[in-house]
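Take a look at the structure below.
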Amino acid sequence: MLHTETIERKTFKLLEDLMNDQNLDGFSLAGGTALSLYLGHRKSIDLDLFRIDDFSASMLSDYLMEKYDFVNEFQEKNTLKGFINDVKIDCITHKYENLKFIKSINYIRLYSLEDIAAMKLNAIADNGTRLKDFVDIACLSTKLSLNEMLEAYQKKYRNSNAIRALRALTYYADIIHEPINLVNGKYKWSNISKRIDEMIKKDMETFSSMPY
């Protein structure tokens, strides 16, 4: 079951349309919105669509403009970013093999929890400013242990260093704090940082409740 309450109706309708569009067959949903659909932990507004192989950003941009009134904000090789009906959408080639098969739930293609965990840790290791990445990792602890997340990170990014990711996960000085809209709770940073501390102390365990 997908937690569709985590995204606006128009965003989910757009996601359904894109998932049923043959010209986007190679793309699957990852990022915070995919995780929110899995976990139901927070509201999410962006659509992050990834694929492993190359695509023509210019051709896809032209197609999306014609069919969906896409507004192109940024384009380079294998990367296209913009808006459809005020919904932010990123289409990106991410050339790292998937750890598990893409899941299809109600015709929505989603990266696995393990792949999302690896990608979130990679994002934190590269740029530890996004508060949502830390919140997502803390909430993901209800499904995967920190050890499982780090193993996924090292398998997906074969030249990665788990210690680097672990240090980044516990370094909070660069985080840009912003509003977080949790579905069934009130956001407090202290709860998130406490959960991350608990994850490190009990790195083989998953947790029975969300960190809020």
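As a proxy for reagent exposure, ranking ILE7, ILE52 by other Cβ atoms within 10 Å from fewest up yields ILE52, ILE7. Across the chain, C-alpha contacts under 8 Å between residues 6 or more apart give a mean separation that, scaled by the residue count, equals a relative contact order of 19 percent.
Shape class of region 91-212 from the Cα gyration tensor (axes a ≥ b ≥ c, square roots of the eigenvalues): rounded, since a/c falls below 1.5.
Net charge dipole, region 8-157: roughly 500 debye, given to the nearest 20, about the Cα centre with Cβ charges of +1 for Lys and Arg and -1 for Asp and Glu.
To make sure I understand, if each residue's beta carbon is the centre and we count other beta carbons within 10 Å, what order do SER160, SER190 fall in, fewest to most?
Result, fewest neighbours first: SER190, SER160.
Ratio to report: Rg/Rh of region 20-63, with Cα atoms as the point set and Rh obtained by the Kirkwood method; give two decimals.
Result for region 20-63 is an Rg/Rh of 1.05.
Among the trypsin sites (Lys or Arg not before Pro) found in region 99-160, those both in a DSSP coil and sparsely packed, with 10 or fewer other Cβ atoms within 10 Å of their Cβ, are ARG158. When Cα extents along the principal axes in Å is computed from the coordinates, the matching label among (i) 83, 35, 28; (ii) 52, 38, 31; (iii) 55, 35, 26 is (ii). Extents of region 1-105, largest first, come to 35, 32, 22 Å (Cα atoms, principal axes, whole angstrom).
The stretch between ASN72 and LYS103, if pulled fully straight at 0.36 nm per residue, gains 8.3 nm over its current Cα-Cα span. Considering only alpha-carbon pairs that sit under 8 angstrom and 6 or more positions apart, the relative contact order computed for region 113-201 is 38 percent.
With neighbours defined as other Cβ atoms within 10 Å of a residue's Cβ, the residues THR129, THR11 order from fewest to most as THR129, THR11. Taking the Cα centre of region 113-201 as reference, the dipole from Cβ charges on Lys and Arg (+1) and Asp and Glu (-1) amounts to some 100 debye.
We did not get these values from a lab; they are worked out from the coordinates using the rules stated. Here the structure is a predicted model, which means the values were calculated and not measured. In this analysis, Cβ positions are derived from the backbone assuming ideal geometry, glycine residues included, and neighbour counts consider all displayed protein chains.
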